[in-house]
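Values quoted throughout were computed directly from the atomic coordinates according to the rules given, and no laboratory measurement underlies them. In this text, all values refer to a predicted model and were calculated from it rather than measured experimentally. Reconstructed Cβ throughout: ideal geometry from the backbone, glycine too, with neighbour counts over all protein chains shown.
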Amino acid sequence: MKTLSYVKIVLLLVLTISISSCEIDDGYNSDERLCSKYWTETYYTQGGEFCTHELIFYLDGGGEENFVYQLDDSYGKVLSEVKQTFTWDWTYTMRGLVLEYAPNDFLYFDNVIVEDHELSGVFDGTAVTFWD
């Protein structure tokens, strides 16, 4: 009987530890960390233009997305700029963002990780890393 009692206690402890280890650590993702910076990524388009892509999140749930297309690199002639505004909200797990540009015009930013100087995840189906 004593052995069965010890087995029950050990199983209960193992179950308790395994359940608590499944909690989501949202220490990285918060409004304050997301909204405190201008997030930028750069890349070359298929047409050879240098693109600076910027995301700005505001604490009031608004935001801006900017694209600047240039010749060659960041010192080249600006060819065009595209600016648009959006509203945003976290998914319930705070591991994703939903950006709404217009009614029924949504973009999803999944697997979001906000670190000190890096914002990464899957932005509209593409793995990205933005820097501040």
Identity of the residue in region 78-107, free of Cβ contacts under 8 Å to residues at least 60 places away in the same chain and among the charged types (D, E, K, R), that ends up farthest from residue 67 (Cα to Cα): 89
Number of the condition not met by residue 28 [criteria: (1) part of a strand (DSSP E or B); (2) touching a residue at least 40 places away in the same chain (Cβ under 8 Å)]: (1)
Residues of region 111-132 satisfying the condition of being over 17 Å from residue 64 (Cβ atoms), in contact with a Leu (Cβ under 9 Å, 6 or more places away or on another chain) and surrounded by 15 or more Cβ atoms within 10 Å (Cβ to Cβ): 112, 114, 121
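From the list 72, 124, which one is in contact with a Gly (Cβ under 9 Å, 6 or more places away or on another chain), more than 20 Å from residue 33 (Cβ to Cβ) and acidic (Asp, Glu)? Write out each step before concluding.
Working: 124 fails: in contact with a Gly (Cβ under 9 Å, 6 or more places away or on another chain).
Only one candidate passes the filter, namely 72.
Tally up the residues in region 57-102 that are aliphatic (A, V, I, L, M) and exposed (fewer than 14 other Cβ atoms within 10 Å of the Cβ), please.
Total satisfying the criteria: 6.
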Flag if residue 87 is of a type in the set (S, T, N, Q) and part of a loop (DSSP other than H, G, I, E, B): no
Filter result (farther than 21 Å from residue 106 by Cα and crowded, with 16+ Cβ neighbours inside 10 Å) within region 37-56: 37, 49, 50, 51, 52
